[in-house]
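Contents: one structure, followed by commentary.
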Amino acid sequence: MPTSILSRSYIEDRLISRQPDSTARSDADLTPYWNDLLPKNRVLRPAAVLVPVVERTSGLSVLLTERSADLPDHPGQVAFPGGRIDDTDHGPEAAALREAEEEVGLNPDWTQLVGRLDHYHTGTGFHITPVVGFVDPVFTLDDLELEQAEVAKVFEVPLSFLMDPANHEKHAIDYKGRERIYYAMPYQGHYIWGATAGMLVNMSHILLGAPSNESGVA
């Protein structure tokens, strides 16, 4: 199915009232032995991210962040706004909106949430709930107030690019003498990879269907 059919109404029809798949996506989807390297009986920490789909006049885009180079975990990597779910949060949706406001100054009133992607487990021990929301384009990127300790910059990528299977590259690195395979979506000097790319591929599968040779993989 071509990405050109993507529209707000189509995405809403696919996501509203949708329940996440019972099997969470994870860093092991492309590298099955990955889970063997993780601590046994580990307790995953609940987290949520906002997948902010901005309704620009030029078309739908996704707002992404580049993490600060000074952070202890994943410095300099591309990510969605998000973080741990606090005890005071009323669920993943509230946490995603709160974190987006704290990290990049995205006013919750600008966002209308429409549904969830599948849960995602990371090697760093997080159980992530990705929440998709449409964002009113009442701001420019320069208007946003970034939490400089966490976010170095923000940028937008056309949704059509991110949803196109042709852009879902599979890259590999050597990890402790074994090959680790992961999704990557290089875009205009930005390297979108790992969990962020994995969640975007899952979104593509939900909206457009998985390619026949990748059924069940996200």
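The values are calculated or read from the model by the stated rules, or taken from the named source; none is laboratory data. What you see is a predicted model, and the numbers here were worked out from it, not measured in a lab. Cβ placement follows ideal geometry from the backbone for every residue including glycine, while neighbour counts extend to all protein chains displayed.
Which ones in segment 2-17 are at negative phi and at pLDDT below 90?
2, 3, 4, 5
Looking at (1) at pLDDT 85 or above; (2) surrounded by fewer than 16 Cβ atoms within 10 Å (Cβ to Cβ); (3) of a type outside the set (Ser, Thr, Tyr); (4) part of a helix (DSSP H, G or I), can you tell me which one residue 203 breaks?
Result: residue 203 passes all but (2).
Considering each residue of segment 182-200, count those that are part of a helix (DSSP H, G or I) and in contact (Cβ under 8 Å) with a residue 40 or more places away in the chain, and give that number.
Counting residues in segment 182-200 that are part of a helix (DSSP H, G or I) and in contact (Cβ under 8 Å) with a residue 40 or more places away in the chain gives 6.
Looking at segment 140-150 only, could you name the residues that are among the hydrophobic types (A, V, I, L, M, F, W, C), in contact with a strand residue (DSSP E or B) (Cβ under 9 Å, 6 or more places away or on another chain) and assigned to a loop (DSSP other than H, G, I, E, B)?
If we filter segment 140-150 for residues that are among the hydrophobic types (A, V, I, L, M, F, W, C), which is where we start, we get 141, 144, 146, 149.
After this cut, where a residue has to be in contact with a strand residue (DSSP E or B) (Cβ under 9 Å, 6 or more places away or on another chain) as well, the list is 141, 144, 146.
144, 146 - these are the residues of segment 140-150 that are among the hydrophobic types (A, V, I, L, M, F, W, C), in contact with a strand residue (DSSP E or B) (Cβ under 9 Å, 6 or more places away or on another chain) and assigned to a loop (DSSP other than H, G, I, E, B).
Quick one: in segment 163-181, which of the residues that are in contact (Cβ under 8 Å) with a residue 60 or more places away in the chain and in contact with a strand residue (DSSP E or B) (Cβ under 6 Å, 6 or more places away or on another chain) is nearest to residue 142 (Cα to Cα)?
Taking the candidates together, the pick is 170.
Kindly check whether there is at least one residue in segment 154-170 that is loosely packed, with under 15 Cβ neighbours inside 10 Å, under 22 Å from residue 207 (Cβ atoms), acidic (Asp, Glu) and out of contact with any His (no Cβ under 7 Å at 6 or more places or on another chain).
Checked segment 154-170: at least one residue is loosely packed, with under 15 Cβ neighbours inside 10 Å, under 22 Å from residue 207 (Cβ atoms), acidic (Asp, Glu) and out of contact with any His (no Cβ under 7 Å at 6 or more places or on another chain).
Just the residues that are assigned to a strand (DSSP E or B) and out of contact with any Phe, Trp or Tyr (no Cβ under 8 Å at 6 or more places or on another chain), please, taken from segment 151-172.
Here is the first cut: in segment 151-172, the ones assigned to a strand (DSSP E or B) are 151-158, 169-172.
Listed by number, the residues that qualify are 151, 152, 153, 154, 155, 156, 158.
Among the residues of segment 107-120 satisfying the criterion of being over 12 Å from the mean Cα position of the chain (by Cα) and in a strand (DSSP E or B), which is surrounded by the most Cβ atoms within 10 Å (Cβ to Cβ)?
Per the criteria, the residue is 111.
Residue-wise test of (1) under 22 Å from residue 54 (Cβ atoms); (2) modelled with pLDDT under 95; (3) among the acidic types (Asp, Glu).
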position: 115; (1), (2), (3): yes, no, no
position: 131; (1), (2), (3): yes, no, no
position: 136; (1), (2), (3): yes, no, yes
position: 143; (1), (2), (3): yes, yes, yes
position: 158; (1), (2), (3): yes, no, no
position: 162; (1), (2), (3): yes, no, no
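Between a residue in segment 42-63 that is without any contact (Cβ under 8 Å) to a residue 24 or more places away in the chain and any residue that is buried (at least 22 other Cβ atoms within 10 Å of the Cβ) and in a strand (DSSP E or B), which pairs come within a Cβ distance under 9 Å, given they are 6 or more apart or on different chains?
Qualifying pairs under 9 Å: none.
Which ones in segment 92-139 are among the aromatic types (Phe, Trp, Tyr) and either under 25 Å from residue 29 (Cα atoms) or without any contact (Cβ under 8 Å) to a residue 40 or more places away in the chain (or both)?
Hits for segment 92-139 are 110, 120, 126, 139.
List every residue pair whose Cβ atoms lie under 9 Å apart, where the two residues are 6 or more positions apart in sequence or sit on different chains, the first residue falls within segment 14-32 and is assigned to a loop (DSSP other than H, G, I, E, B), and the second residue, located anywhere, is of a type in the set (Phe, Trp, Tyr) and at pLDDT below 90.
That search, which allows pairs on different chains as well, returns 27/34; 28/34; 31/175.
Name the single residue that is modelled with the highest pLDDT among those in segment 57-105 being surrounded by fewer than 16 Cβ atoms within 10 Å (Cβ to Cβ), within 16 Å of the chain's Cα centre (by Cα) and assigned to a loop (DSSP other than H, G, I, E, B).
76
Only residues that are surrounded by fewer than 15 Cβ atoms within 10 Å (Cβ to Cβ) and among the acidic types (Asp, Glu): list them for segment 127-153, please.
Passing the criteria: 136, 142, 143, 145.
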